[in-house]
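As structure tokens, the structure follows; a few thoughts come after it.
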Amino acid sequence: MTNIRGKKVTILRNTWYYAELVLVFLLGLVVGGGGMRIYYMIDNYLNAEPIAYICKKGKVYEQADPVSTVYIKTIHECIEGE
């Protein structure tokens with residue numbers, strides 16, 4: 001194979017070349033995966049639905065999941081308004 005100037009081009013295909021390709025690929029996977037994990041954590045923190053609380057008979061009930069209709073009794077107490 002020759003380049004534009006007519007000089008012969010040699011492509012090196014030794015073991016270090018392949019090892020370097022594999023290492024760079026793995027490094028890209030690690031950095032990309034870490035970046036996506038950080039993105040999802042920040043996105044969940046900023047855009048997640050808040051957990052609701054209900055006060056009944058002086059006890060506080062906390063929503064089990066932001067989209068759930070199940071409430072769990074907590075150790076906190078509340079004062080209900082008239």
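Observations on the model:
- Near Ile51, once Lys and Arg are set to +1 and Asp and Glu to -1 for all other residues with Cβ below 13 Å from its Cβ, the sum equals -3.
- Nearest 10 degrees, 0 to 90: helix 15-47 Cα axis against the chain principal axis: 20 degrees
- Helix-only arithmetic for the chain: the sum of -39500 (n - 2.57) across DSSP H runs with n ≥ 4, divided by the residue total, places the mean residue ellipticity at 222 nm at -14500 deg cm²/dmol.
- Mean separation of Cα contacts under 8 Å (6+ apart) over length of the chain, as relative contact order %: 16 percent
- Across all directions, the average projected area of the convex hull around the alpha carbons of segment 1-48 is 5.7 nm².
- Point-to-point label distance, Trp16-Ile72, nm (Cα→Cβ direction, 7 Å offset): 5.7 nm
- Computed over the alpha-carbon atoms, the chain gives an Rg to Rh ratio of 1.55, Rh here being the Kirkwood radius from the mean inverse distance.
- Inter-label distance, Glu49 to Phe25: 4.2 nm, where each label sits 7 Å from its Cα along the C-beta direction.
- As a proxy for reagent exposure, Thr10, Thr74 were ordered by neighbouring Cβ count within 10 angstrom, fewest first; the result is Thr10, Thr74.
- Looking at segment 33-82, the trypsin sites (Lys or Arg not before Pro) that sit in a DSSP loop and have at most 11 other Cβ atoms within 10 Å of their own Cβ are Lys57.
None of the figures in this text is laboratory data; all of them are computed from the coordinates on show. These numbers were taken from a predicted model, which means no experiment stands behind them. FYI the Cβ positions are ideal-geometry reconstructions off the backbone, even for glycines, and counts take in every protein chain you see.
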